[in-house]
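I have placed the structure first, in the form of structure tokens, so that the comments after it can refer back to it.
Every number in this text was worked out from the coordinates using simple rules, so none of it is lab data. A quick note: this is a predicted structure, and the numbers were derived from the prediction, not measured. A quick note on method: Cβ atoms are made from the backbone with ideal geometry, for glycine too, and the neighbour counts reach across all protein chains shown.
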Amino acid sequence: MAVKDKVVIITGGAMGIGRYNARQFASAGARLAIVDIAPMETVASEVAELGGQVLPVHADLRDEDQVRAAMAQVHAHYGRIDVLINDAGIVTHFMSGSPRWPVIRDMESSFFDNVMRTNLLGTFHATKHAIPYMEAQHEGHIINFGQGNVRNAREPDSIGAAVYHVSKVAIRAFTKEVAAEEREHNICIVSMGPGGGDASPNDGRRGIATDETPADKRERMRWVGDVVKDRYVLAAEAPMELSGNQITARDGKLVKLDD
């Protein structure tokens, strides 16, 4: 894999899809930094068991000073930053039994603000403070967790996920704009959701189960390993012609998606 020995930062890597991705990149030979506010002992141990290098960095992505310091710490430790995976976010877990979020008319502004600051502002902060190091190298990859669109009708079981959907579509727009700004510096910036792609056909199961999903809920969900596979490792090798786009992985290849 071309990511061997590359320095890969995964935000939100302590758990969920980020934790799974950390193991995938470690298996591919990357040198990792995990940036999270949650305890990182478990994922760090798992990476070490795979023979990988990992630097846990505690930082709240909503706080710009903490993010700036986190990127500086990673660069000081490894000497470069090759890939940034903006995975951290507040995610709906309705399928795993979490309560539905309020609809907009009942939502406190503080709730809306917290989701947007974590998902969108956190992506902005990490991207902003990784870019100078990548510009100095004249290369780099940034993969944002954007997904969805405003074209498709909302299904009844998605009610309560409005602010989550808004944040993810906004990340898609952010990706397109910053990619245009950084093209001259050879920094490839793409957006990719965790589902679909070359996963098995939809058999009625919804959502993605991870190590943290309660065991009694996993049967009606798709397992992270069957859905995500190595899609983010592939995205970390994306060619510049895909920069700015929403992409997915099909049959082991990256594919541009239409808006």
Would you please give the residues with an amide H less than 5 Å from that of Leu32, counting only those at least 5 places away or on a separate chain, with H modeled from the backbone geometry?
Val8, Gln53, Val54, Leu55
Which residue, Ala30, Ala59, Ala69, tops the fluctuation ranking in a GNM of the chain built on C-alpha contacts under 10 Å?
Ala69
Residue order, fewest to most beta carbons within 10 Å, for Tyr20, Tyr78
Tyr78, Tyr20
Within the chain, the percent of DSSP beta bridges that are antiparallel, given to the nearest 5, stands at 15 percent
Would you mind computing, in nm to one decimal, how far apart the modelled labels at Glu135 and Ala76 are, each placed 7 Å from Cα along Cα→Cβ?
2.2 nm
Derived scalar couplings ³J(HN,Hα) [the stretch 181-186; Karplus, 6.51 cos²θ - 1.76 cosθ + 1.60; whole Hz; x for Gly, Pro]
5, 9, 4, 5, 9, 6
Expected sort for 227-235, 176-184 on mean C-beta neighbours within 10 Å, highest first, is 227-235, 176-184
Just to be sure I understand: with springs between alpha-carbon atoms less than 10 Å apart, which residue in Ile81, Ile143, Ile104 has the highest mean-square fluctuation in the Gaussian network model of the chain?
Ile104
Could you give the distance between the Cα centres of the stretch 29-96 and the stretch 219-251, to the whole Å?
19 Å
If you line up the long axis of helix 64-78 against the longest principal axis of the chain, both from Cα atoms, how many degrees apart are they, to the nearest 10?
50 degrees
Helical mean residue ellipticity (222 nm; -39500 (n - 2.57) per DSSP H run of 4+; nearest 500) of the chain
-10500 deg cm²/dmol
For Kirkwood radius over Cα pairs in Å the list reads [x] 20.1; [y] 18.9; [z] 18.4; the calculated value is entry [z]
Which residues does the label zone of His58 cover in the stretch 32-49, counting backbone N under 12 Å from a point 7 Å along Cα→Cβ?
36-41
Top mean-square fluctuation among Phe174, Phe111, Phe145, Gaussian network model of the chain, C-alpha springs under 10 Å?
Phe111
On a 0 to 90 degree scale, rounded to 10, what angle separates helix 16-27 from the longest Cα axis of the chain?
30 degrees
